[in-house]
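The values are calculated or read from the model by the stated rules, or taken from the named source; none is laboratory data. Keep in mind that what you see is a predicted model, and the values were worked out from it rather than measured. Glycine also receives a Cβ, built like all others from the backbone with ideal geometry; neighbour counts cover every protein chain displayed.
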Amino acid sequence: MSKLELSLIDYADYTNVNDISNALLRNIRKQSLNNQVPIPVPIHDIAMSLDIASIDPIPPEVKSFEGILYKEGWQGFIFYNDNSPEPRQRFTIGHELGHWMIPSHLTGNKRSCTKQQTSSFTATGKNIPKEVRIEVEANYFSAQILMPSFEFKKDINRVEPDLRHLFRISQKYNVSMAACCVRFKELSDFSCVIIHHHNFVIKRVLKTKGFPSLDRNFKKGAFISPKSISAKATTDTSLEPVDWKVWLQNPNNYKTELYEQVFQQNDGYRITLIYLDDSKELDEDDLELERLSEWNPKFKK
Ligand SMILES: [Zn+2]
């Protein structure tokens, strides 16, 4: 791809995170081959064409932060924690670019963000403090740019949900598996839930639209179901049928089947996928029955 021609002024009228990221992606697509955002997304080039003057590792004396945005005159300077893995660094650069582009995020001339602030996608409660909202917004911005909905949706919805497939997608986009799972939750056409756990303790629950209620015991801080495939398996598994009683609050719809898969990460971290196959696809026998039911012969007397 040739050098991106982007200009901050084109986004000055937008105030909403989605509007800004969509407008930015539209402009990148216009300048790209086949009208598609290049994958992995060239976040460095994008930032540098939007008046970010440099992107450098955080100096050793302020290592407690994951990312810093600094403004001087009309230029911005992004710093990232270079001890973190590359996908994490890229996400941080996207996060700081979010602070740079979303109005009201940078009130003074500097913003310093911790690891926790650059990882959180949820803010709960009625009166969410502005500081918390800003960090969540910057994370959404980063996820939307690094995993553009048009391209990402095609990749995740091409085949049935599978954590190994999702892992390959995270590598293709050069993003962390954690960020990839959050984006999957938003854009998947399938009915499923992804549970991150550490030593069997639930850390994050990501439910796609339409997935029924999990048993109320399974929330953050609780243990995963002891009867689950995830509790028993010692390696990665494929999607395997599982009894609804293991995970769900209420009986499963009679037409659907529940499947479970577990995927190992490092240091006791594991990911579980629970998938409700509610596709009403007709198999060969159904099609034959349908054909027979339509065949309505009229015999001559
Ligand atoms: Zn931040």
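Here are a few things to note about the model shown:
- Residues that are assigned to a helix (DSSP H, G or I) and without any contact (Cβ under 8 Å) to a residue 40 or more places away in the chain within segment 3-21 comprise Ile9, Asp10, Asp19, listed in sequence order.
- Take the conditions (1) assigned to a loop (DSSP other than H, G, I, E, B); (2) under 20 Å from Gly76 (Cα atoms); Ser64 misses just one of them, which is (2).
- For segment 94-103, residues that are away from the ligand (no atom under 13 Å from the Cβ) and either hydroxyl-bearing (Ser, Thr, Tyr) or closer than 15 Å to Ile145 by Cβ (or both) total 0.
- Pair list, Cβ under 9 Å, 6 or more apart: segment 84-103 residue in the same structural domain as Ala12 (by TED's automatic domain parsing) and among the hydroxyl-bearing types (Ser, Thr, Tyr), other residue assigned to a helix (DSSP H, G or I) and within 10 Å of the ligand (Cβ to nearest atom): Ser84/Thr92; Thr92/Ser142
- Residues in segment 165-192 that are touching a strand residue (DSSP E or B) at 6+ places or on another chain (Cβ under 6 Å) and either outside any helix (DSSP H, G or I) or not assigned by TED's automatic domain parsing to the domain that holds Ile271 (or both): 2 in all.
- Counted residues, segment 105-130 - those being surrounded by fewer than 11 Cβ atoms within 10 Å (Cβ to Cβ) and of a type in the set (Gly, Ala, Ser): 2
- Boolean, Phe150 is in a loop (DSSP other than H, G, I, E, B), away from the ligand (no atom under 12 Å from the Cβ), touching a residue at least 40 places away in the same chain (Cβ under 8 Å) and of a type outside the set (Gly, Ala, Ser): no
- Residue among Phe77, Phe91 that alone is assigned to a strand (DSSP E or B) and either crowded, with 21+ Cβ neighbours inside 10 Å or within 16 Å of the ligand (Cβ to nearest atom) (or both): Phe77
- Filter result (assigned to a loop (DSSP other than H, G, I, E, B) and either within 11 Å of the ligand (Cβ to nearest atom) or at pLDDT 90 or above (or both)) within segment 104-123: His105, Leu106, Gly108, Asn109, Thr114, Lys115, Gln116, Gln117, Thr118, Ser119, Ser120
- Flag if Glu137 is within 16 Å of the ligand (Cβ to nearest atom), without any contact (Cβ under 8 Å) to a residue 12 or more places away in the chain, assigned to a helix (DSSP H, G or I) and farther than 24 Å from Phe211 by Cα: no
- A residue that is farther than 20 Å from Phe150 by Cα, in a helix (DSSP H, G or I), within 24 Å of the chain's Cα centre (by Cα) and more than 14 Å from the ligand (Cβ to nearest atom) occurs somewhere in segment 29-45.
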